[in-house]
Amino acid sequence: MEYLYYLANASLVLRVIERLHNTTWLPVQFMTVIHQIDGWVVKVKIDGCLDAQRHGDFQAFLAELGIPSEPDIRVRMALWGLENGQSPVDVMRRYQVAVVSHGQPDRNEIEEFRRQFVQGLGYCPETLA
């Protein structure tokens, strides 16, 4: 099962990661986080299938934070490349996307990306709040 959502800012991405860490019935295979100028694309892939109740619960949680995403071809190809074993650096070069995280959900990767981005800009854009 896969969930692909667009989230407006980093705080929402961190809430998804927190939920994944605190929900034992969600067997996460991987989570991919891509930062774009106007927000974040988050893909969560679950091992196996969830029952209808748990699937609905997780979908409802994600819908509270963002909207189902149908990214452009470049982002879809980047997600496909990561899932098929390409390194994040190769994917970023090939598809010109900012892969912030791929693998097990890790809040430190999001926080470090945010810190470095803000430090480089000298201010905090809304998407990094």
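The values are calculated or read from the model by the stated rules, or taken from the named source; none is laboratory data. The model shown is predicted, which means the values in this text are computed figures rather than measured ones. Note: ideal-geometry Cβ built from the backbone for every residue, glycine included; neighbour counts use all protein chains shown. What goes into the accessible areas is simple: the full protein's heavy atoms, side chains included, and nothing from ligands, DNA or RNA. Shrake-Rupley method; radii C 1.70, N 1.55, O 1.52, S 1.80 Å.
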Could you tell me how many degrees, from 0 to 90 and to the nearest 10, lie between the Cα long axis of helix 10-22 and the main elongation axis, the longest principal axis, of the Cα atoms of the chain? 40
Using Cα atoms only, what is the angle between the long axis of helix 107-121 and the major principal axis of the chain, expressed in degrees (0 to 90) to the nearest 10? 20
Long-range tail of P(r) for region 21-97 (Cα pairs > 14 Å, %): 67
Note the angle between two axes, namely the Cα long axis of helix 52-65 and the longest principal axis of the Cα atoms of the chain, as a number of degrees from 0 to 90, rounded to the nearest 10. 30
Say each of Val118 and Ser87 gets a label point 7 Å from the Cα, pointing the same way as Cα to Cβ; how far apart are those two points in nm? 3.0
Using +1 on the beta carbon of Lys and Arg, -1 on that of Asp and Glu, and nothing else charged, what's the dipole of region 35-129 about the Cα centre, debye to 20? 300
Any idea what log10 I(q)/I(0) is at q = 0.09, 0.13, 0.14 Å⁻¹ for the chain, Debye with uniform C-alpha scatterers and no solvent? -0.24, -0.51, -0.59
At R0 = 25 Å, FRET efficiency that the Cβ-Cβ distance of Gln53 and Leu14 yields, to 0.05: 0.45
Extension gain from Met1 to Asn22, taking 0.36 nm per residue of separation minus the Cα-Cα distance: 5.7 nm
How far apart, in nanometres, would the label points at Gln104 and Phe61 be if each is projected 7 angstrom from Cα along the Cα-to-Cβ direction? 1.8
Taking Glu64, Glu111, Glu18 and ranking on accessible area (1.4 Å, protein atoms only), highest first, one gets Glu64, Glu18, Glu111
Along the positive direction of the dipole of the chain (beta-carbon charges: Lys, Arg +1; Asp, Glu -1; about the Cα centre), which of Leu4, Leu79, Tyr95 reaches farthest? Tyr95
